Amino acid sequence: MTIIVAAALTLVAVAGTAVVVAGRPDRQAVTLSLFGLLLAVLFMALQAPDVALSQIGVGTAIVPLMVMLAVRKVHQRR
Amino acid sequence: MNRTARTVMFLVAGGGVAVLAVLAVLRMPAFGGSHHPYRDHAVRASVSHATSNVVASINFDQRGMDTLGEETILLASVVGVSVLLRPAEDESKSEHLGSGRVLDATRLGGYVLLPVTLVVGFDVVAQGHLTPGGGFQGGVVLGTGMHLLYVAGRYQALERLRPVSAFEWGEAFGAAAFACLGISSLLVTGAFLANVIPWGTFGGLLSAGTVPVLNGAVGVEVASGVMVLLAKFLEQAIFVRSGEGGTR
Amino acid sequence: MNIYAYLVAFWLIVAGSAGIVRSRNLIHSVVCLSVAQAGTYVLLLAVGFQSKASPPVFGSPPSKPSLSVTDPVVQAMTLTDVVVSATVTALLLAIAIQIHKRHGTVDPDELRALRG
């Protein structure tokens with residue numbers, strides 16, 4: 001196992017834990033975006049460019065954005 | 001069940017799963033080994049079908065039926081979100097926008113990146129059978145790229161360029177096109193989603209038979225789906241205000 | 001070191017599930033679910049990985065097809081999984097928004113109290 005794969009795996013594990021322990025969903029959206037990016041890096045290291053490409057779009061942009069918008073909707077002044 | 005009971009139950013169940021997982025992992029083929037029997041068959045089949053991207057060959061040729069199922073999940077989710085997030089009777093859509101300020105650099109960035117993103121998205125879909133990419137990835141890029149207009153601070157422009165109902169139709173069209181291609185090949189060849197057009201030469205732009213066509217159908221569906229999803233969430237979060245109290 | 005990748009995958013699944021159980025906010029638990037789901041991506045791709053192999057894409061103009069590539073079958077599964085999971089996450093977030101509209105809270109414990 002190369003150093004790069006091992007490092008990417010470790011970063012993904014740490015970032016995933018950070019997303020879970022982040023108490024508030026608005027903070028989670030930011031860490032989730034970082035987590036998605038690190039997953040894409042891991043997929044590149046695992047020689048899966050197709051998966052990395054869709055992960056970049058979905059994991060770093062779409063899902064965190066929807067989480068942000070959902071948080072905003074729930075917190076908005078009624 | 002209260003929080004403590006829930007946690008205790010999770011610790012018992014999760015501990016059991018963790019033990020089983022470690023036992024399973026110890027007997028799995030070593031990470032990075034060279035024994036991949038499915039890989040060998042899939043690569044041979046892909047090469048004989050003139051598809052240079054083996055992943056695309058699997059998704060749209062070798063197990064196209066599964067992809068139809070996944071497309072249906074996507075369609076169902078988008079329909080579900082549209083139904084759940086439509087403005088309720090006691091909600092009003094505020095017309096006047098809060099006059100937020102957008103930095104000129106941000107606005108310029110949005111405008112410059114928009115055409116670049118769209119071109120990249122189309123390219124990723126069109127070359128999906130040759131290079132990494134395809135309908136799923138390209139569709140995501142296209143659907144997200146259109147929302148750069150929102151970053152550029154032009155929600156009105158986005159509304160004009162993105163009539164949501166058109167993309168709801170696009171979503172249905174993409175899913176229907178995929179299913180119709182499958183049914184027509186069933187009528188012609190006797191097998192669902194079997195190839196009906198010449199395979200072409202390995203590595204050429206016109207190769208891989210129906211794979212690029214199905215890529216296009218999925219690209220339309222995913223791009224429209226992402227567009228509809230983001231549009232519904234933006235509308236709810238920014239424009240829709242509930243009437244009185246909000247709670248019932 | 002041979003099983004590190006599998007352990008990371010299972011860690012993500014367990015950590016995500018723990019997050020769901022401990023969650024005080026439905027949006028938080030949806031995000032935790034997507035972390036748990038990421039564990040399945042890592043597991044699938046780790047199963048298909050081969051050291052010193054190239055990606056299963058021969059490109060245009062094509063390089064000579066060889067069998068020394070990472071497993072494309074699990075990659076195809078993961079690829080669709082990523083996109084489908086995003087739309088399912090969207091559906092769950094929409095349900096959370098709808099619950100908040102009806103009950104004014106997204107705390108699972110308060111929701112149970114409301115039902116009595």
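Observations on the structure shown:
- Failed condition for A:Q47, given (1) more than 29 Å from B:L234 (Cα to Cα); (2) surrounded by fewer than 17 Cβ atoms within 10 Å (Cβ to Cβ): (2)
- Test for A:A52: is it more than 10 Å from chain B (Cβ to nearest Cβ), of a type in the set (G, A, S) and touching a helix residue (DSSP H, G or I) at 6+ places or on another chain (Cβ under 8 Å): no
- Residue satisfying all of: in region C:67-96; of a type in the set (S, T, N, Q) and in a helix (DSSP H, G or I); nearest to B:S46 (Cα to Cα) among these: C:Q75
- One residue from B:V8, B:V54, B:V43 being crowded, with 21+ Cβ neighbours inside 10 Å, out of contact with any Lys or Arg (no Cβ under 9 Å at 6 or more places or on another chain), over 26 Å from C:I3 (Cβ atoms) and without any contact (Cβ under 8 Å) to a residue 40 or more places away in the chain: B:V43
- From C:A36, C:A46, residue being crowded, with 17+ Cβ neighbours inside 10 Å, at the interface with chain B (Cβ under 8 Å from one of its Cβ atoms) and among the aliphatic types (A, V, I, L, M): C:A46
- Total residues in region C:1-33, condition over 12 Å from the mean Cα position of the chain (by Cα), in a helix (DSSP H, G or I) and more than 7 Å from every other protein chain (Cβ to nearest Cβ): 3
- For B:L20, the conditions (1) without any contact (Cβ under 8 Å) to a residue 12 or more places away in the chain; (2) within 8 Å of chain C (Cβ to nearest Cβ) are fulfilled apart from (2).
- Yes/no for C:G39 being touching a residue at least 12 places away in the same chain (Cβ under 8 Å) and in contact with a Cys (Cβ under 6 Å, 6 or more places away or on another chain): no
- Filter result (of a type outside the set (A, V, I, L, M) and either surrounded by fewer than 20 Cβ atoms within 10 Å (Cβ to Cβ) or touching a strand residue (DSSP E or B) at 6+ places or on another chain (Cβ under 7 Å) (or both)) within region C:1-24: C:N2, C:Y4, C:W11, C:R22, C:R24
- Filter result for the condition that a residue is of a type outside the set (S, T, N, Q) and either within 21 Å of B:V125 (Cβ to Cβ) or at pLDDT 75 or above (or both), over B:A172, B:A194: B:A172
- Note on region B:27-86: residues that are at the interface with chain C (Cβ under 8 Å from one of its Cβ atoms), of a type in the set (S, T, Y) and closer than 19 Å to B:L214 by Cβ amount to 4.
- Taking (1) part of a helix (DSSP H, G or I); (2) within 8 Å of another protein chain (Cβ to nearest Cβ) in turn, A:Q47 satisfies each apart from (1).
- Taken over region B:170-200, the residue count meeting the criterion of being over 20 Å from the mean Cα position of the chain (by Cα) and either part of a helix (DSSP H, G or I) or not aliphatic (A, V, I, L, M) (or both) is 13.
The values are calculated or read from the model by the stated rules, or taken from the named source; none is laboratory data. Note that this is a predicted model, so its numbers are computed, not measured. Glycine gets a Cβ as well: all are built from the backbone with ideal geometry, and neighbour counts include every protein chain shown.
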